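Have a look at the structure below before the remarks.
The values are calculated or read from the model by the stated rules, or taken from the named source; none is laboratory data. Keep in mind that this is a model prediction, so the values were computed, not measured. Here the Cβ is made from the backbone with ideal geometry for all residues, glycine too, and neighbour counts use every protein chain on show. Just the protein is used for accessible areas: all its heavy atoms, side chains included, with ligands, DNA and RNA removed. Shrake-Rupley method; radii C 1.70, N 1.55, O 1.52, S 1.80 Å.
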Amino acid sequence: MGAYLVRRFGLMLLTLFGISVIIFLMLRLAPGNIADILFDAAGFVDPAEKAKIMEDLGLDKPLPVQYAQWIGGLLQGDLGYSYVSDRPAIREILPRIPITAKVGGLALAFAVLIGVPLGVISAVRQNTPLDYLLRVVSLSGLSMPAFWLGLLILMAFAAWFGEIPIYTAPPTTFLQTVQLFAIPAAAVGFRSSALIMRLTRSSMLEVMRQDYIRTARAKGAPERSVNYHHALRNAILPVVTLIGIEAGFLMGGLIVTETVFNIPSVARFLVEAIKWRDYPIVQNLVMFVAIVVLSINFIVDLLYAVLDPRIKYAD
């Protein structure tokens, strides 16, 4: 187990290094920087002033020097200063992380609590009217974009209640937090629940054809025990993998839905920073998302051994 952990941490560090190089170079290869954008917006270019801005921001230095300064500061907890607000990047990023975590966490909880039980029911009631209904629901979730469903929800609230549930001020209580984020989380989680439902169903159907399931039934085991203790426990591994993938997606891929509900979270801020070529914000946000995704994958790998004792991470 110790050797496995060392290898995994080494692989994670190597992956993060590769991501850091890619995002650094991609930003510099994109046409224009913040000095170009500012002077284009003003409608004139004073070469001396532009050169002064680039010097102040360190953009006139060679790329290896810029990269070394960024990584050196990152390792010391110094994320630099935003080019747009001139505030420490960490003060711009930190307030948005809990918002993203709340929306993503609620969406993932909704997806798992809806997708897994309905997937099991659909498999157990295969080729019945209930199975057909649940399959139609799952296909609907896969077919409807989350932002479109969000717009429909806003229109329904406006028509029925005379108000729209968008983010206007930070919630102060737990109940307000749930009320504010539950609707966008449900709009996003509906798609994820559809994916989880379909994968749970297909995994359950495959497991339920195995000999040990027939043996359990032949020995008189209760149907509930057969379905949930024997079948679901052995069918859950690919579902856990999908849940991990969806958790990573929910941390950084909700830009359109967040725009619809006016949520000031990580993904919206990242897109705005890319538009302004705010290198410190973009680089550090991408690294944050990468760390979260890699950590989730690592946790999922460890869960395999917990859910299936046959899996061993031996030295």
Worksheet entry | Residue under evaluation T215, criteria (1) of a type outside the set (F, W, Y); (2) touching a Ser or Thr at 6+ places or on another chain (Cβ under 9 Å); (3) more than 29 Å from V103 (Cβ to Cβ), criterion not met | (2)
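If you check G18, G10, G2, which single one turns out to be over 28 Å from the mean Cα position of the chain (by Cα) and closer than 30 Å to A305 by Cα? Steps first, please.
Numbers: G18 fails: over 28 Å from the mean Cα position of the chain (by Cα); G10 fails: over 28 Å from the mean Cα position of the chain (by Cα).
None of the other options fit; the residue is G2.
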Worksheet, complete the sentence: The condition of being assigned to a helix (DSSP H, G or I), touching a Phe, Trp or Tyr at 6+ places or on another chain (Cβ under 6 Å), over 17 Å from R96 (Cβ atoms) and touching a residue at least 12 places away in the same chain (Cβ under 8 Å) holds, among A186, A231, A235, A247, only for A186
Practice prompt. List the number of the failed condition for V84; all other conditions in (1) open to solvent by less than 50 Å² (accessible area, probe 1.4 Å); (2) over 17 Å from M287 (Cβ atoms); (3) aliphatic (A, V, I, L, M) hold.
Written response: (1)
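Being surrounded by fewer than 19 Cβ atoms within 10 Å (Cβ to Cβ) and out of contact with any Cys (no Cβ under 8 Å at 6 or more places or on another chain), is that true of even one residue in the range 193-205? Talk me through it step by step, then tell me what you get.
First, pick out the residues of the range 193-205 that are surrounded by fewer than 19 Cβ atoms within 10 Å (Cβ to Cβ): 202, 205.
Filter once more, so that each one left must be out of contact with any Cys (no Cβ under 8 Å at 6 or more places or on another chain): 202, 205.
Yes; the residues of the range 193-205 include at least one that is surrounded by fewer than 19 Cβ atoms within 10 Å (Cβ to Cβ) and out of contact with any Cys (no Cβ under 8 Å at 6 or more places or on another chain).
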Practice prompt. For T259, state whether it is of a type in the set (S, T, N, Q), in contact (Cβ under 8 Å) with a residue 40 or more places away in the chain and open to solvent by 70 Å² or more (accessible area, probe 1.4 Å).
Written response: yes
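Looking only at the range 244-267, count every residue that is under 23 Å from D301 (Cα atoms), touching a helix residue (DSSP H, G or I) at 6+ places or on another chain (Cβ under 7 Å) and aromatic (F, W, Y) and tell me the total.
The first filter runs over the range 244-267 and keeps only residues under 23 Å from D301 (Cα atoms), leaving 244-253.
Subset that is touching a helix residue (DSSP H, G or I) at 6+ places or on another chain (Cβ under 7 Å): 244, 246-248, 250-253.
Subset that is aromatic (F, W, Y): none.
The number of residues fulfilling the criteria is 0.
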Fill in: Single condition L180 does not satisfy, out of (1) in a helix (DSSP H, G or I); (2) under 20 Å from V120 (Cα atoms); (3) at pLDDT below 85
(2)
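Considering A3, A30, which residue is farther than 30 Å from L303 by Cα and surrounded by fewer than 13 Cβ atoms within 10 Å (Cβ to Cβ)?
Values: A3 fails: farther than 30 Å from L303 by Cα.
Step by step, each of A3, A30 is checked, and only A30 is farther than 30 Å from L303 by Cα and surrounded by fewer than 13 Cβ atoms within 10 Å (Cβ to Cβ).
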Item to complete: Those residues that are closer than 18 Å to L237 by Cα and either of a type in the set (D, E, K, R) or surrounded by fewer than 22 Cβ atoms within 10 Å (Cβ to Cβ) (or both), I need them from the range 106-115; list them, please.
Response: A109, V112, L113, I114
Item to complete: Could you check L149 against (1) under 30 Å from K102 (Cβ atoms); (2) modelled with pLDDT under 80 and say which number it fails?
Response: (2)
Item to complete: Pull up the range 137-170, narrow it to residues that are small (G, A, S) and touching a residue at least 12 places away in the same chain (Cβ under 8 Å), then point me to the one that is surrounded by the fewest Cβ atoms within 10 Å (Cβ to Cβ).
Response: S140
